1. Against the longest principal axis of chain B, how steep is helix B:268-285, in degrees 0 to 90 to the nearest 10, with axes from Cα atoms?
2. Between B:Q440 and A:K650, what is the label-to-label distance in nm when each label sits 7 Å out along the Cα-to-Cβ direction?
3. As an exercise, identify the GluC sites (Glu not before Pro) in region B:129-199 lying in DSSP coil whose Cβ has no more than 13 other Cβ atoms within 10 Å.
4. Can you tell me, using C-alpha contacts under 8 Å and at least 6 residues apart, the relative contact order of region A:237-391 as a whole percent?
5. Would you mind checking which residues have amide H under 5 Å from B:Y474's amide H? H placed 1.01 Å from N; only 5 or more apart, or other chain.
6. Restricting attention to region A:159-221, which chymotrypsin sites (Phe, Trp or Tyr not before Pro) occupy a DSSP loop and are surrounded by at most 13 other Cβ atoms within 10 Å?
7. How high is the FRET efficiency between A:Q667 and A:D700 when r is their beta carbon distance and R₀ equals 35 Å, given to the nearest 0.05?
8. Could you please state, rounded to a whole Å, how far the C-alpha centre of region A:42-66 is from the C-alpha centre of region B:25-79?
Amino acid sequence: MAVVGSVRAALQVAEVLETIVSCCLGPEGRQILCTKPTGEVLLSRDGGLLLKALHLEHPIARMMVACVSSHLRKTGDGAKTFIIFLCHLLREFHAITDKEKDSLFFKNIQTHGRHWKNCCQWKFISQALLTFQTQVLDYVMDHYLSRHFLSIFSSSTKKRTLCRSSLEMLLEAFFCGRVGRNNHTFISQLMCDYFFNCMSCESEFEEVFELVDDCFVELKVGVTGLPVSDSRIIAGLVLHRDFSVYCPADGDIRIVIVTETIQPLFSTSGSEFILNSEQQFQTSQFWIKEKTKAIVKHLQSENVRLLLSSVKQPDLVIYYARLNGISVVECLSSEELSLIQKVTGIAPFVLPQASSQYEISNTALVKFCKPLILRSKRYVHLGLISTCSFIPHCIVLCGPVQGLVEQHEGALHGAFKMLRQLFKDLNLNYVTRASDQNCTSSTNVYKNSRERNQLSEIVNSSVQRPYQGTVVKNEDELAKTHSYSKVCSNLVVPGIELETYIPCSIPEVMPANTYQTDETLRYLSPDKAKIIDDHEPFIESDSANSRTENTRIEISFENVQVTKIAEKRSILPVRYKSLEMSASQSYCFSCIPAGCVLPVGGNFEILLHYYLLNYAKKFQQSEETMVSIIIANALLGIPKTLYKSKKGNKCFPQIYTRALHALQTNQPMVSNPAGLESVAGKYQLLTSVLQCLTNILTIDLVINIKRLPQEIYDEDSEEEL
Amino acid sequence: MSRLEAKRPSLCKSEPLTSERVKATLSVLKGVVTSCYGPAGRLKQLHNGRGGSVCTTSQSAALLASLPVTQPILKILTTSVQNHVSCFSDCGLFTAILCCNLVEKVQGVGLTTTTAIKLNKHLLSLCTEYLKSEICGCRIPIDFGSTQLLLCLVRSLLTSKPACMLTREEVEHISTLILRAFLLTVPENAKDRIILGKSIIVPLKGQRVIDSTVLPGVLIEIPEVQVMKILPIKKSDSFKVALFCASLSGDLSETGEGTVVLSHGVSLENAVLDQLLNLGRQLVSDQVDLVMCQKVIHPSLKQFLRTHGVIAMDRVGVALMEPLSKMTGTQPIGSLNSVSPSSYGSVKDWCTAKFGFKHFFHLIPNETTVCSLLLCNRNDTAWDELKLTCQTALHALQLTIKEPYVLLGGGCTETHLAAYIRHKTRDEPESILKGDGCTQTELQLMSEAFCSALETLAGSLEHDGGEILTDRKYGHFWSVQADSPSAVNWPDLLSRCGCGLYSSQEELGWCFLRGAHHPFMPQTCLPREASGSANDLTLDCFTAKLSGLQVAVETANLILDLSYVIEDRN
């Protein structure tokens, strides 16, 4: 049976999913209870988990879930927003096609059947979506949105150091969407404390994140039956095992790791042991005993007080360990051992083959080693002395039921994943449309720069305002920024005379400029935007003066682009055009720098909405603008859902008009943000949704096959054989 | 061949709490747990149609373990209670009933869940802060100089478990035994850190409860034949003991992964037996008097030891290894070749004893931290219940040593707490709300729901249709017989309050618990002499009850917060 794959069907599916997902979105979201066939009960607000638990049958729904999970694999966050945004996009598309059945750019295909026509139309739209992504989205992100970005790093020093208050806000906002309403403050505080406890020095946080993310299972202990508020952080490492032998020890405690039994065995695999007499058997047993005794004695003489073993040790070893006052922990998992090895930097102890005199080099000091009892279960508690930037700490997560503990574990792990993503630069590459031919180039460039200029009017005024804001805050800064702008203008003057100076001179200034500071958060872009504005009027005036200089202007324009990129400390443009070449397209490479954040609560969406609409206004009717408008409108769906239940001052129309007003008058949108969210995460989410949408739109038929899937033979490889 | 089977789609239900079925099942569960609560609680008989023994109980641990729950929301509730019980042993029913009450009452209020949950949390922290504070009027500090309060605590625990089927004297007897058993596990000369010993419960079913007893040291059950073989040896001082954890049965232990090739005529069994006899010789020459082994001892070695006047005990089992090693000071020996003299331990004395129809080998230690509680009851079900109760009581005592407080029992803590919250929310609502966006009216509504949940909990102690009163001075719990004439002089009908701290001689201004309330500040700061004078108080374990309260509120919040239930039906 074949089902017509249409936007209508996809919309129906997405709407159903939206109703489920939207109830647990945001700080007001509620919990969902999932039962597993095994009888386990799981509490969750994790969108990805919910979608999987539904076991959807509808093919389009399954495609959506697959898209969501591939997005989650990348970023670990945003499943719920994904569905809501996708649903709004589909809704917009559905509405628009209902309105204009014969829209202007599909006239040529009216002869085909209506369905196929529709499909072609969708094909067109999906292509438009792709061009939107490559041309508009990154451009808007880079040019307009970036000036609103805040940074998570504190800017007091030149190194990247984390600002605690910003991190707290970021985590609080993250956990608002992940754990129960009463616990998010507590959990985010716990995570923040944990993180700052684990960090040995402030600048090497990335290594710590990586290690915690990788070894999270070993670093947490779940305890059921206790109230959530009993969760805490424990210094040292908690192993999920009990001591086989525990001998209390003080002072200089050394540990060794073994991965095999200390007691020599009669025969190893692959060998034969031939016994000729009973005496021989007894002597060999005696030898084994003496050997074991000697090894354990030697360990003791080397001050080893704890033996960590990945295998079960025989009774004999346990006995001698106990006699010599060595504690033993057996059956440790390889993950636990590798974590200990990472932290302490020791390698497993290799048993000596022949000689009885040997050195044990692979020992590590520990501060303490004692049993820890949590809910009448015993654990081993080790005070490891770290040799890397990670100081071992463990999180004990308590909760009345296992489901809740698991939810908190999942949320914490997700937070680490999110932070790891945040500390990576995200590249943006886009195509700016410039002139096609030399003859038309003059007008085009002129027009372009005009457009830019129009934009820059907005930009200019918006740039000034933040400056004024900072002036109020910090007087020293005022002087600084003034001096900077002075430098800039100075540099621009020679630029008029000789354009080639610009690319080399401006980058020199910029690094200084980007270190401009304010108290906790930093506006990343104002200076940069200012520089561009300084240039553009002069370009314009140049081109107005003489038309023969057209090519030069173009280049200088490109150079401005170059400098702009250079100042952002990213890769320089790959294509550097010669004078003669006509610039048809220029590829720009830029990035969202690591640690970029925006205030939470739909700010990203409203900003992008505003700038996309602005962008669309400047061009005539085209697919691109239409898509931009649709996406801009759909973006509003997310804040709409977020503020659904709010009344009065906090309802969506109020928030929206206030934000627009702030943007138009160039005031900061949010005076004191309650939380922060990662820009890169939001951006990735947007692109993932657009990809998913193009996938959905390009499908015209869904064919349902009732047969069992056939095995696919790899014919190529057979032929090769 | 992999089996391919399409997964069935899950069942997704929205707003589960509004569904009639869920409401009905919740109220059934509430009925079950409420009717079990307290000394007058009704017993439940659980029997599985497929087999297994019948269990008569009123304890949450036994009840919830065998109650099959399929409804996901009930499952959250019951597992949460079970987890609490496995941590603290006590206050399981308290947690379950409070949670059910809260869910029911909060739903009745009709506030949005966000507000309700937020306020619930504020009220909970109000409770916990009060209970932990010095001014708390329902908390008594424990003075370890006297056993009075500890005995009261154990006695209250025993009386609240009617399925143990104990008479008044038996309750007295057992509670003294439990307290003695507990005190025996406390080491005499403790340094900075106390490590408690262990009390082992030894079953002796079919005997009178009065025959139960506590003995220092370890009792090992032995067959009657062996009793004859244990000859009383009299020595001046202590006896030397060796404890083996390795098997002495003469079978070959680990030979590795490779192959072992034997020449013709070589018998490894003989070689091992030789080894064992050598070990025996060493033990004899080391003048060991008693050899105990976790596993089996080879009959030849046993015989050899016996002929040399050494007593051999095998199949001790892994459960007894730790107490034995602790009590005698031995290192469990894992070697067959030679035994280091430092791994021997000692006992003061031993004897054989007969309790009921069972024979025991009784090891008497030099220094007591291990004791055996020989527990008797008439039949199996009552014994099981009694054993569970004893374990709960021992655990409660351990928790009390960590946090040396007890709470007033008999419903008084609940009514007192309710009165306190009512007063606080009326008196200083701003300090509770802390600018959280909730209005004072919402707080009043929620606190009324919270308090009535607590009071209904206290009220479920009464199962015989009696009336519940509370006084307007202390906010304690008073119950009146069912068929008492109304509008009489209350002091004539009432005798003592639920916990037994106050008598009706004082004029306290009683009113019905269920009626409308005018908030009043219950008297805080328990008078010092109150704890000393009364010797028949009803008390509850502080740690367990506090945690139970927190778990109940958190679980209720969790249940109220549910918006969808997704059931995987594969």
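1. Helix B:268-285 and the main axis of chain B meet at about 80 degrees.
2. If labels sit at B:Q440 and A:K650, their model points lie 2.1 nm apart.
3. Passing both the DSSP loop test and the Cβ count: B:E134, B:E188.
4. Answer for region A:237-391 is 37 percent.
5. B:Q523
6. Hits after loop and neighbour filter: nothing returned.
7. 0.15
8. Each part reduced to its Cα centre gives a spacing of 35 Å.
Every number in this text was worked out from the coordinates using simple rules, so none of it is lab data. Note that the structure is predicted; figures quoted are calculated from it, not measured. For neighbour counting, all protein chains shown are included, and Cβ atoms are generated from backbone atoms with ideal geometry for every residue, glycine included.
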